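**Student:** Encoded as structure tokens, here's the structure I'll be asking about.
The values are calculated or read from the model by the stated rules, or taken from the named source; none is laboratory data. None of the values given here were measured: they were computed from a predicted structure. All Cβ positions, even for glycine, are placed from backbone atoms using ideal geometry, and neighbour counts span all protein chains on display. Accessible surface is based on the protein model in full, side chains and every heavy atom, while ligands, DNA and RNA are left aside. Shrake-Rupley method; radii C 1.70, N 1.55, O 1.52, S 1.80 Å.
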Amino acid sequence: MPSVASFSALSYIGAMKASYDFLAIEKKWREYWNQHRCFKTLNPGDPGFDASKPKYYVLDMFPYPSGKGLHVGHPLGYIATDIVARYKRMLGFNVLHPMGFDAFGLPAEQYAIETGTHPEVTTQKNIENMISQLKACGLSYDWDRMISTTEPEYYRWTQWIFLQLFESYFDPKKQKALSISQLRKFLRNDEYRVSDGQLCSDREAAFSELPLFSSLRLEQQEEEINRQRLAYIDAVNVNWCPGLGTVLANEEVTVDGRSERGNFPVFQRPLQQWMLRITTYADRLIKDLDLVEWPEAVKQMQKNWIGRSEGASLSFPLYEIKGELEVYTTRPDTLYGATFMAVSPEHPMLSTMVTSEQKPHVDAFMKRYQKQKAVSKDPTNKEKEGVWTGAYCIHPLTQKKIPVWISDYVLMGYGTGAIMAVPAHDQRDFEFAKKYNIPMQTVVMPPQEWLAQHRIDKESYVASPETLSEAFVEYGHACHSQGSGIDLDGQPTNEAKKNMIAYLEAQGLGISKVSYKLRDWLFSRQRYWGEPFPILHGAHGKLRAVDEADLPVTLPPLKDFRPQVLEDQNQDPVPSLGKAEESWKRVEIEDQRYQRELNTMPQWAGSCWYYLRFMDPHNQESFVSSEIEKYWMGENGVDLYVGGVEHAVLHLLYARFWHKVLYDLGKVSTKEPFGKLFNQGYIQAYSYQDERGMYVPADEVEHQAAEFMFEGKSVQRQLGKMGKSLKNSIAPDEVIEKYGCDTFRLYEMYLGPVEQSKVWDTEAIVGIHRFLGRLWRNFVDSESGDILVSVEESTGKLKTALHHTIKTVTEYMDQMRYNAAIAQLISLNNLLVEQSHVPSDIARAMLLMLSPMAPHICEELWARMGQAKSLHDEAWPKAREEFLKSDVMELVVQVNGKRRANIEVAADAKKEEIEKLACEHEAVKKHLADKNIAKVIYVPGRLVNIVVKG
RNA sequence: GCCGUUGUGGUGGAAUUGGUAGACACGCCAGGCUUAGAACCUGGUGGGGCGACCCGUGGGGGUUCGAGUCCCUCCAACGGCACCA
């Protein structure tokens with residue numbers, strides 16, 4: 001008989017029932033954590049801070065405080081990071097695990113307009129509501145570090161960082177940001193010259209042609225300086241949405257050219273706006289992706305978005321017209337195949353090129369083009385259209401005349417807005433040329449195998465244009481590309497490219513060039529609910545930064561904060577801050593009058609640096625103290641960043657850009673902000689529509705045979721997002737009230753891998769709930785409430801199972817594969833059902849392993865077991881080592897790959913002994929009978945495979 | 001079109017990373033408790049065969065003593081970008 005220690009229920013749980021009363025238990029432990037400030041994180045310099053511990057910074061993408069509240073999909077990522085945070089604390093890390101709110105932006109303002117309350121009020125209310133919902137999930141945030149981007153104390157530093165950008169430029173020689181005062185020095189010393197926004201160093205060819213900086217008028221000097229700033233004002237083509245009264249980012253516009261919010265039409269037009277010079281960082285933003293551990297998909301998306309390509313820029317002189325057409329191409333090797341030029345309908349040189357005979361045709365085309373453009377931005381399946389300008393270019397190598405066409409597939413926003421068209425080797429040029437009967441010239445020959453496969457000989461390949469587009473091959477070799485001084489024939493594409501560029505550069509016809517899809521970041525909005533710019537406008541366009549001491553520039557209180565909605569697309573936007581009192585708008589400094597900037601920053605501004613503020617959220621002197629920043633960022637920055645994949649480009653690209661500027665200026669210590677990124681999946685749900693297409697409440701739909709019925713009528717089911725409007729939303733509060741927070745947390749994790757999307761199924765939740773019930777019954781006598789933990793340790797089968805569970809669960813925890821970890825723990829718990837008492841080692845290991853995921857029940861059982869320290873203070877590695885001490889291991893014995901027996905051997909047994917033992921096992925001998933042993937394969941710790949012949 | 005990811009029972013998903021495929025859970029079936037239902041508890045559940053056994057990880061081929069896992073090829077699904085020269 002094993003001796004049994006029974007602990008009676010501890011006095012402080014007094015009235016607690018013997019059955020698993022999760023609501024009372026969870027409430028008790030949440031209060032306990034709160035009272036004892038268990039999750040307060042100390043900073044370097046704080047009393048009691050332990051600098052010997054390694055740090056771990058685990059961060060969620062902070063949410064938008066929406067008025068609709070959370071549904072069960074939202075906490076998925078938060079639960080995952082919370083498990084990481086709790087687990088890492090048990091592993092002996094100093095863990096930074098904060099939460100805050102990204103509360104500025106269009107949706108908050110729109111919501112405020114709908115409800116008629118000031119956004120400040122609604123935002124505050126929404127934040128409070130979300131905090132209480134998050135707290136109910138048992139998340140171990142350090143709430144003392146909570147921040148909201150809308151707090152003046154926070155956006156003071158958002159404005160400050162903007163000023164860092166404003167006071168910096170990108171140095172082309174050093175390839176990093178330096179201060180504007182540095183640039184002034186360089187210009188004074190004549191190390192750089194500047195003209196029309198071009199910054200040339202003394203090494204560059206154009207240098208000597210540019211005027212001396214000191215020779216410019218003072219205003220010109222300032223103008224040139226302003227054009228170098230990382231934050232600058234420029235007239236650019238923007239998405240102007242009069243219906244919303246603001247300009248929008250590309251991604252806020254739908255494919256039909258309407259606003260994502262409100263579905264108002266959006267117009268392209270040039271407007272003076274604030275821009276951030278993200279393009280100067282394009283190369284580093286690509287290159288440094290190698291430094292981070294991110295999902296391949298996200299890295300790929302960022303690379304695509306930046307869209308780097310290598311090629312050449314070359315000029316085609318116009319025939320009998322002054323001037324030349326500059327084009328960009330990635331295939332300079334196909335220059336001999338250029339049979340026409342194509343320019344964008346928005347090309348600035350159109351008017352000089354169009355001849356009087358062609359003008360009517362061009363006008364007609366332009367009319368159709370404008371109309372088409374207003375209807376749709378979506379180019380898919382649209383037939384390419386164009387019109388001849390009447391003009392010709394001179395081919396720089398052959399000196400032949402080639403026509404210049406206007407083509408709607410040439411985009412003004414990329415390259416130079418003009419291309420050399422090589423119809424023989426470009427799908428689009430091919431389609432266009434075919435439609436308008438423009439000749440083609442083959443200059444790339446596919447490999448022999450390709451020709452053989454397609455049963456085409458060289459001559460007919462060159463001669464037959466119908467096959468050309470099909471036959472576009474990247475890895476062919478050049479042909480028909482000879483001229484005076486150059487002969488590319490026979491060279492593979494890569495070589496031909498290089499040689500052509502070298503030739504063009506030598507002849508002064510072109511130069512090699514790198515091109516990007518990435519555009520500078522349009523940074524101003526005309527809405528109210530955003531950070532005001534810390535900028536003053538003086539006379540003659542003079543820009544002045546607000547003194548650091550005068551930050552923050554707080555949002556002026558407005559009674560009417562609605563945007564100015566305009567009917568006429570040609571009207572200029574009216575910033576909401578224009579409605580502020582004159583006393584706010586006008587500033588006088590040193591007898592100079594200034595007007596405040598009236599635009600506000602876009603939604604992304606606040607989220608570009610919040611991960612830095614979390615480290616030191618109450619610092620009044622600086623955006624983050626450098627000592628604290630160095631500790632928490634360490635080598636890799638944020639150790640784990642979890643959020644949805646929808647932020648793969650925008651937020652993550654913008655934040656990286658700001659971080660790199662701050663890095664260049666010496667304000668932060670790592671090149672990259674987020675060392676490891678993890679995209680959690682979405683929780684999907686079924687929604688149901690009746691025959692009119694109206695959504696019906698999902699929880700009232702009945703499943704009968706193959707049909708779904710609502711109020712006796714058949715309804716259509718589809719899988720998608722969860723949302724109030726789809727009537728399939730489930731609030732975490734409901735689930736927690738019914739099953740408890742631990743069940744909820746475990747269930748969300750148990751649904752499947754965290755990174756995968758999965759379907760919410762409220763029915764399946766009982767499985768996890770039963771598990772916790774069984775766990776409780778294994779540990780606590782349902783009659784007496786006594787704890788059923790033996791003082792004895794496990795033996796035999798249970799010991800083996802414990803070892804296996806500890807090994808696998810540890811691995812799963814490290815890989816964030818919580819569904820698999822939970823399954824292992826359920827399996828171990830199921831073995832305990834037959835036991836009258838839980839062996840003490842299993843009891844302790846079980847609670848230690850489970851507690852990051854289901855902390856409340858584990859704390860309770862831990863306390864009832866009479867453990868001295870609180871569970872979350874317990875160090876897991878020490879316990880794990882203790883449990884894993886073992887002297888016996890189990891091996892599988894196979895004969896020709898088939899399992900024949902299991903044997904137990906001493907952990908330190910030699911290879912020969914093990915093999916002998918395996919061969920002599922009864923069940924194995926049978927299969928060896930009259931056969932020869934060819935070889936014996938021993939896989940340490942796992943199996944012995946005996947290979948036999950005969 | 002380009003890039004990326006993934007294919008395992010009725011379902012969600014495991015498989016010690018090349019070593020007993022289907023752990024664990026839902027669902028389903030049987031039983032218990034109950035006046036009855038809900039809830040709860042116990043057992044069974046890939047396919048075929050009375051059986052020892054045989055077949056099974058999208059299809060085909062390969063490497064290996066051994067393949068869900070590695071290689072080649074085809075197919076299918078999901079996601080992102082998309083007239084980017």
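**Student:** Kirkwood Rh, chain A, all Cα pairs: how many Å?
**Tutor:** Details: mean 1/r = 0.0298 Å⁻¹.
For chain A, inverting the mean 1/r across all distinct Cα pairs yields 33.5 Å.
**Student:** Sticking with this one: Looking at the range A:574-700, what % of its DSSP beta bridges pair antiparallel, to the nearest 5?
**Tutor:** Numbers: 6 of 10 bridges.
Once the DSSP bridges in the range A:574-700 are tallied, antiparallel ones form about 60 percent.
**Student:** Just subtract the alpha-carbon distance of A:Leu42 and A:Arg428 from 0.36 nm times their residue separation and send over the number in nm, one decimal. Don't skip to the answer; put the middle values down first.
**Tutor:** Values: separation 386, 0.36 × 386 = 138.96 nm, distance 6.04 nm.
Using 0.36 nm per residue and subtracting the Cα-Cα distance, I get 132.9 nm.
**Student:** Continuing with this model, one more query. Projected area of the range A:701-768, taken from the Cα convex hull and averaged over every viewing direction, in nm²? Kindly include the intermediate steps, with their values, before the conclusion.
**Tutor:** Working: hull surface 23.1 nm².
Taking a quarter of the hull surface, the average projection is 5.8 nm².
**Student:** Over every pair of different alpha-carbon atoms in the range A:908-950, take the mean of 1/r and invert it; report that Kirkwood radius in Å. Show your work: numbers first, answer last.
**Tutor:** Working: mean 1/r = 0.0924 Å⁻¹.
The Cα-based Kirkwood calculation yields 10.8 Å.
**Student:** Enter the mean projected area of the convex hull around the alpha-carbon atoms of the range A:507-609, in nm², rounded to one decimal. Display every interim value, and only then the final one.
**Tutor:** Working: hull surface 47.8 nm².
Seen from a random direction, the Cα hull of the range A:507-609 projects 11.9 nm² on average.
**Student:** Another question, if that's okay. Residue by residue through the range A:562-570, what is 3J(HN,Hα) from phi via Karplus (6.51 cos²θ - 1.76 cosθ + 1.60, θ = phi - 60°)? Round to whole Hz and write x for glycine and proline.
**Tutor:** 5, x, 6, 8, 10, 8, 9, 5, 8
**Student:** OK, next. In vacuo Debye scattering of the range A:629-701, one point per C-alpha: log10 I(q)/I(0) at q = 0.16 Å⁻¹?
**Tutor:** The calculated log intensity ratios at q = 0.16 Å⁻¹ are -0.66.
**Student:** So what does the Cα-only Debye profile of the range A:140-280 read at q = 0.08, 0.09, 0.21 Å⁻¹, as log10 I(q)/I(0), no solvent term?
**Tutor:** Calculated log10 I(q)/I(0) at the listed q: -0.36, -0.44, -1.18.
**Student:** Please report the carbon-and-sulfur percent of the accessible area for chain A; probe 1.4 Å, protein heavy atoms only, DNA, RNA and ligands left out. Intermediate results must be reported in sequence, preceding the final value.
**Tutor:** On the way: 21960 of 44870 Å².
Its accessible area is 49 percent carbon and sulfur atoms.
**Student:** Also: When a/c reaches 1.5 or more, the comparison of a/b and b/c decides; with that in mind, is the range A:517-575 rounded, prolate or oblate per its Cα gyration tensor? Walk me through the numbers on the way to the answer.
**Tutor:** Working: a/c = 1.66, a/b = 1.24, b/c = 1.35.
The shape class here is oblate.
**Student:** If you don't mind, there's one more thing I want to ask. Given the range A:601-751 reduced to its alpha-carbon atoms as identical point scatterers, what log10 I(q)/I(0) does the Debye formula return at q = 0.16, 0.18, 0.19, 0.20 Å⁻¹?
**Tutor:** The Debye formula, applied to the Cα set alone, gives -0.95, -1.06, -1.12, -1.18.
**Student:** Can you classify the range A:238-359 as rounded, prolate or oblate using the Cα gyration tensor, where a ≥ b ≥ c are the square roots of its eigenvalues, rounded means a/c under 1.5, and otherwise it's prolate if a/b beats b/c and oblate if not?
**Tutor:** Numbers: a/c = 2.51, a/b = 1.22, b/c = 2.06.
Oblate, because a/c is 1.5 or more while a/b does not exceed b/c.
**Student:** Tell me the Rg and the Dmax, in Å, that the Cα atoms of the range A:42-142 produce.
**Tutor:** In Å, with Rg to one decimal and Dmax whole: 16.5, 53.
**Student:** Multiplying the sequence separation of A:Val236 and A:Glu219 by 0.36 nm and subtracting their Cα-Cα distance, what value in nm do you get?
**Tutor:** 3.9 nm
**Student:** Still on this model: Between A:Leu96 and residues 5 or more places away or on another chain, which pairs have amide H atoms under 5 Å apart, with H built 1.01 Å from N, and which residues are they?
**Tutor:** When sequence neighbours closer than 5 places are left aside, the close amide H contacts are A:Tyr56, A:Tyr57, A:Val58.
**Student:** Read phi for every residue in the range A:746-754 and hand back ³J(HN,Hα) as whole Hz from Karplus 6.51 cos²θ - 1.76 cosθ + 1.60, θ = phi - 60°, with x for Gly and Pro.
**Tutor:** Along the range A:746-754, the couplings run 4, 5, 4, 6, 6, 4, x, x, 4 Hz.
**Student:** While we're looking at this one, here's another question. Convex hull volume of the Cα atoms in the range A:73-130, per residue, in Å³?
**Tutor:** Numbers: hull volume 5.7 nm³, N = 58.
Hull volume normalised by residue count: 98 Å³.
**Student:** Provide Rg over Rh for the range A:745-892; use the alpha carbon set for both Rg and the Kirkwood Rh (inverse mean inverse pair distance).
**Tutor:** Ratio of gyration radius to Kirkwood radius: 0.96.
**Student:** Taking H as built 1.01 Å from N, whose amide H comes closer than 5 Å to the amide H of A:Leu943, not counting residues under 5 places away?
**Tutor:** When sequence neighbours closer than 5 places are left aside, the close amide H contacts are A:Val892.
**Student:** Under the Karplus relation 6.51 cos²θ - 1.76 cosθ + 1.60, θ = phi - 60°, what is the ordered set of whole-Hz ³J(HN,Hα) values for the range A:429-445, x standing for Gly and Pro?
**Tutor:** Listing the rounded values in order: 4, 4, 4, 5, 5, 5, 5, 9, 6, 8, x, 10, 9, 7, 10, 10, 9 Hz.
**Student:** What residue among A:Thr352, A:Ser464, A:Leu411 has its Cα farthest toward the positive end of the dipole of chain A, where the charges are +1 on Lys, Arg and -1 on Asp, Glu, each on the Cβ?
**Tutor:** Looking along the dipole axis, the top candidate is A:Ser464.
**Student:** For the range A:812-859, what is the convex hull volume of the alpha-carbon atoms per residue, in Å³? Mind showing how you got there, number by number?
**Tutor:** On the way: hull volume 3.5 nm³, N = 48.
Convex hull volume per residue, Cα atoms: 73 Å³.
**Student:** On average, how much accessible surface per residue is there in chain A, in Å², for a 1.4 Å probe, leaving out ligands, DNA and RNA? If you can, show how the numbers build up before the last one.
**Tutor:** Working: 44870 Å² over 950 residues.
It amounts to 47 Å² per residue over chain A.
**Student:** Place a label point 7 angstrom from the Cα of A:Ser179 along the Cα-to-Cβ direction, then list the residues of the range A:587-630 whose backbone nitrogen is under 20 Å away.
**Tutor:** A:621-627
**Student:** Ok, one more. Full-extension gain between A:Ser484 and A:Asp363, please, as 0.36 nm times their residue separation minus the C-alpha to C-alpha distance.
**Tutor:** 39.5 nm
**Student:** If you don't mind, there's one more thing I want to ask. 5 Å is the cut-off here: which amide hydrogens, built 1.01 Å from N in the peptide plane, fall below it relative to A:Arg900, excluding neighbours closer than 5 in sequence?
**Tutor:** A:Val893, A:Gln894, A:Val895
**Student:** If you take every DSSP beta bridge whose two residues both sit in chain A, what share of them, in percent to the nearest 5, is antiparallel? Write out the running numbers ahead of the final one.
**Tutor:** Values: 95 of 117 bridges.
Here the share of antiparallel DSSP bridges comes out near 80 percent.
**Student:** Separate question: Step through the table entries A:Lys373/A:Lys434; A:Lys299/A:Lys721; A:Lys27/A:Lys135; A:Lys68/A:Lys135; A:Lys435/A:Lys497; A:Lys176/A:Lys671, compare each Cα-Cα distance with 19 Å, and write down the pairs that go over it.
**Tutor:** On the way: A:Lys373/A:Lys434 23 Å; A:Lys299/A:Lys721 25 Å; A:Lys27/A:Lys135 11 Å; A:Lys68/A:Lys135 17 Å; A:Lys435/A:Lys497 29 Å; A:Lys176/A:Lys671 12 Å.
Checking Cα-Cα distances, A:Lys373/A:Lys434; A:Lys299/A:Lys721; A:Lys435/A:Lys497 exceed 19 Å.
**Student:** While we're on this one: Between A:Glu646 and A:Ala907, how high is the FRET efficiency from 1/(1 + (r/R0)^6) when r is the Cβ-Cβ distance and R₀ = 60 Å? Nearest 0.05. List each step's numbers first, then the result.
**Tutor:** Numbers: r = 50 Å, r/R0 = 0.83.
Rounded to the nearest 0.05, the efficiency is 0.75.
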